[in-house]
1. In whole angstrom, how long is each semi-axis of the equivalent ellipsoid of the chain, when you take the square root of 5 times every eigenvalue of its Cα gyration tensor and sort them from largest down?
2. Test of understanding: ordering ILE53, ILE405 by Cβ neighbours within 10 Å, fewest first, what list do you get?
3. Going by C-beta contacts inside 10 Å, put ARG79, ARG295, ARG139 in order with the fewest on the left.
4. Helices from the chain with mean Kyte-Doolittle at least -1.0 and a Cα length along the axis of 30 Å or more, per DSSP H: which?
5. When Rg is the radius of gyration of the Cα atoms in region 3-188 and Rh is its Kirkwood radius, what does Rg/Rh come to?
6. Report the calculated FRET efficiency for ASP41 and GLU419 (r = Cβ-Cβ distance, R0 = 25 Å), to the nearest 0.05.
7. Can you work out the FRET efficiency for the pair LYS337 and LYS69, with r the C-beta to C-beta distance and R0 = 41 Å, to the nearest 0.05?
8. Would you please give the residues with an amide H less than 5 Å from that of LYS255, counting only those at least 5 places away or on a separate chain, with H modeled from the backbone geometry?
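Coordinate-derived values only; no laboratory data. Everything quoted here is computed from the prediction, not taken from an experiment. All Cβ positions, glycine included, derive from the backbone under ideal geometry; neighbour counts span all protein chains shown.
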Amino acid sequence: MGYVDEIIERAIAKNPGEPEFIQAVKEVLTSLRPVVDANEDLYRKEALLERLIEPDRQFKFRVPWVDDKGQVQVNVGYRVQFNNSIGPYKGGLRLHPSVNIGIIKFLGFEQIFKNSLTSLPIGGGKGGSDFDPKGKSDREVMAFCQSFMTELCKYIGADVDVPAGDIGTGAREIGYMYGQYKRIRGMYEGVLTGKGLSYGGSLVRTEATGYGLLYLTDEMLKCNGIDIAGKTVCISGSGNVAIYATQKAQQLGAKVVTLSDSTGWVYDPDGIDLDAIKEIKEVKRARLTEYRNYRPNSEYYEGRGVWTVKCDIALPCATQNELSLEDAKVLVANGCKAVAEGANMPTTLEATEYLQENGVLFAPGKAANAGGVATSALEMSQNSERLSWSFEEVDAKLKSIMVNIFHNMDDASKRYGFEGNYVVGANIAGFEKVASAMIAQGVC
């Protein structure tokens, strides 16, 4: 049995009941097989893969808070610090009822390679809670965030671990958490990213993941002889990533025809009305069922179905494992040319393989959605220098980072004989830098 297979078996045995984490380990290590096989003696001696799949540390803690009726509620908080060989731990805080330790570990593991791909000095980590901010008052959200940060603040710092936003954690939540951190620690430092512009936040951070997704997708298409202008795009989700992916796709001349949320999805053959979506989602915090009030010619459907619409480009921007093998078959049959992941691992392994086998260009999330964490790292730089860069400066840096990510994964795929396989290329390009740093720093 080879080294990669041994470590996958060990991960399965040691992490029962954590399917998302096991899926991520399998996907990454399997695609790393060429570079691991070429360096097996060294990596075995250093127990490199064993150290790579085991977090440096993980925290689980109780989060008690009081709701508006005076009732005490209790949630569970998590922070997994996975690997800091190239910089302080960096990764978002997810607030969603589905959060558990397996999901946080999967996200933190993926974050190692995503952060490495940015070429910025940031390591991999992730955190969150099973708290659901939906339907809660501002006071209830503040009560939760203050309690959550009262415990989390013991383990983070500007040069130690720098959390950010994620699903359920927007500017409001980051503000409440930052205020509590500052109050307890008595320090004004860049310990959280995604902050408001009035207290150390960065321009473009809101748009970054969606914009970055399109910058990389556009570069991937160009390098394969395809012009994004005039193409039809299907996008899932209707949160931050989906909204700003839609905006940038439209700016690049593409037509976005779908968006979705947890209850259903909309199809607008004339192209999504972004102003309507922003009002529904960012102002009213409502469901997509309202979209037909703005666009009577659009269609709304309950449940899943975004990927049944004929498109040239598919951008899954909702949640993990949302694009199945059956969805992939429909996309291929409808002539889809490219899939780029705006969410974390939204495509199943079987679907990914089917898309690649049928000639669909596929950009994995650790590369395609790295724009958010890249801009978070740029926010850290601005905080350290006590500077604030213009929108144009940050946007230009973001585009440069995303274009470089594509070429780094493209070059890595060619170096190891997997030209066009950007999953292998992204994993190898991210891994090589981390592996080199881990070996250089000794057993730690």
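1. The answer is 30, 30, 21 Å, longest axis first.
2. On the way: ILE53 24, ILE405 28.
Taking fewest neighbouring Cβ atoms as first place, the list is ILE53, ILE405.
3. Details: ARG79 28, ARG295 18, ARG139 11.
In order of increasing Cβ crowding within 10 Å: ARG139, ARG295, ARG79.
4. Long hydrophobic helices here: 391-415.
5. Details: Rg = 17.9 Å, Rh = 17.4 Å.
Over the Cα atoms of region 3-188, Rg/Rh equals 1.03.
6. On the way: r = 27 Å, r/R0 = 1.09.
FRET efficiency, ASP41 to GLU419: 0.40.
7. Calculated value: 0.20.
8. Here GLY230, LYS231, THR232, VAL233 satisfy the definition.
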